[in-house]
Amino acid sequence: MGELIKILKILCLFPLMLIYRSAVVFRNFLYDSKILKSQEFEIPIISIGNISVGGTGKTPHSEFLIEMLQNEFKIAVLSRGYKRKTKGFRLVETNDSFLFSGDEALQIKQKFPNTIVAVSENRVKGVLQLISKFPDLNLIILDDAFQHRRIKPGLSILLNNFNHPISKDFILPLGCLREPRSSAHRAHLVVYTKCPNKLKPIERRILIKEAEVYPYQYLFFTTYKYLDLQAIFNQDKKTITNSELKNYNIILISGIAKHTSLYNYFKENSKTVKHIKFSDHHNFKKRDILKIEKEFKTIKQPSLIVATEKDAVKLKENKFISQETKNILYCVPIKVELLGSEEENKQFNNQIFTYVRNNKRYSKLYKNAYSG
């Protein structure tokens, strides 16, 4: 019966996939042929994006670049602010509501308060606004912008999820791909994300073969390092270390696109884990909180409720959470780490730093700042 349903689904969705694919291919043809214009800017622009729908780690990798570059460059991150209730260009503040800025943009701002974070559904206008407001800006990072062809970035980073390789996926709506796999040719750097901490040589060789990297592209691998749990509502509360996790039963709540890596981490490191999944960018309602609290009462003590950083941004503003739940509600910060040899890591850093330093606008500012 299951196979029959699967076949019927393919038959129904295949024509829609062909229509969608044709539209995407035609749009890319217009840009590639310069019938539709892509605007270039003098300021360095790094685009981070993917071909699949969500779950590749765009925001953590944006944070990874900020952490790498912030000591030398003045950086701005520009996002569209997905699911925000506002329109137009907006600078994000640390005390913003996610309803005004979007959850991911607010997450970045709260983690890196000295970094300029802005949202704009029109990325061209957003870049122009940033350049106008911050004339000493050195770099703009475009979050989730691989499909945004109206801007031609100086450096494009394409992310692929290790657990959901694009080589085994189909175009929407039959699969999760936003555009054909061949569109990867637009990227300068290709990164396989969410890899196991110890990537086996055979797995690495398979990924290299599947990636079909072009001669001018560079291929890298990253993993997530899960940091100590932090209390969401009491910042002075003691963190819970990775080694202490084994003493706790966990209720894991996540409103993200792909849950595999997160769930596996808690499955391997906590006493037990019960996972309550929500859709990506989910805004928690009263019924959701009641469901979480009800589930929490069914598990053995000692126990905790753990959310992702993106969900924590929204939960901080939730008025339905009881004080009792606030006391045991934590988030798990994540940090991106490069896998591979020291030489490969150096090569990644060189690709990023060389691009920004060699840009005309930055070079001029750099010489003025350090001349004499």
- With +1 at each Lys and Arg Cβ and -1 at each Asp and Glu Cβ, the charge dipole magnitude of region 228-332 around its Cα centre, to the nearest 20 debye, comes out at 380
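Over the chain, what relative contact order in percent results from Cα pairs under 8 Å that are six or more residues apart?
19
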- Query: Among all the aspartates and glutamates, which ones have a C-alpha under 14 Å from Lys109's C-alpha, if same-chain residues fewer than 8 places away are not counted?
  - Reply: Glu63, Glu67, Glu93, Asp96, Asp143, Glu309
- Task: First check a/c for region 264-303, with a ≥ b ≥ c the square roots of the eigenvalues of its C-alpha gyration tensor; if it is under 1.5, answer rounded, and if not, answer prolate when a/b is larger than b/c or oblate otherwise.
- Result: oblate
- Note on the structure: The distance between the Cα centres of region 51-98 and region 287-363, in whole Å, is 13
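Over all pairs of distinct alpha carbons, what does the Kirkwood formula give as the hydrodynamic radius of the chain, in Å?
22.2
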- Item | Spacing of the two label points (7 Å from each Cα toward its C-beta) at Asp32 and Glu293, in nm | 5.5
- Rounded to the nearest 0.05, FRET efficiency between Lys326 and Asn71 (Cβ-Cβ, R0 35 Å) equals 0.50
- Item | Sorted by Cβ neighbour density within 10 Å, fewest at the top, the residues Lys291, Lys34 | Lys34, Lys291
- Message: Restricting to DSSP loop positions (anything but H, G, I, E, B) with no more than 15 other Cβ atoms inside 10 Å of their own Cβ, which chymotrypsin sites (Phe, Trp or Tyr not before Pro) remain in region 320-353?
- Response: Phe320
- With only Lys, Arg, Asp and Glu charged, each at its Cβ (+1 for the first two, -1 for the last two), find how big the charge dipole of the chain is about the Cα centre; round to the nearest 20 debye. 800
- Filtered GluC sites (Glu not before Pro), region 60-117: DSSP coil and at most 16 other beta carbons within 10 Å: Glu72, Glu93
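Rank these for me by crowding, Cys176, Cys195, Cys12, going from fewest to most other beta carbons within 10 Å.
Values: Cys176 20, Cys195 24, Cys12 11.
So the residues, fewest neighbours to most, are Cys12, Cys176, Cys195.
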- Query: Fewest to most neighbouring Cβ within 10 Å: what's the order for Asp169, Asp143?
  - Reply: Asp169, Asp143
- Message: What is the distance in Å between the Cα centroid of region 136-159 and that of region 1-40?
- Response: 23
- Checking region 172-280 for trypsin sites (Lys or Arg not before Pro) in a loop per DSSP with at most 16 other beta-carbon atoms within 10 Å yields Lys198, Lys237, Lys238, Lys271
- Pairs of Cα atoms farther than 19 Å apart, region 228-332, %: 37
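Every number in this text was worked out from the coordinates using simple rules, so none of it is lab data. A quick note: this is a predicted structure, and the numbers were derived from the prediction, not measured. Every residue, glycine as well, gets a Cβ built from its backbone with ideal geometry; the counts of neighbours run over all protein chains shown.
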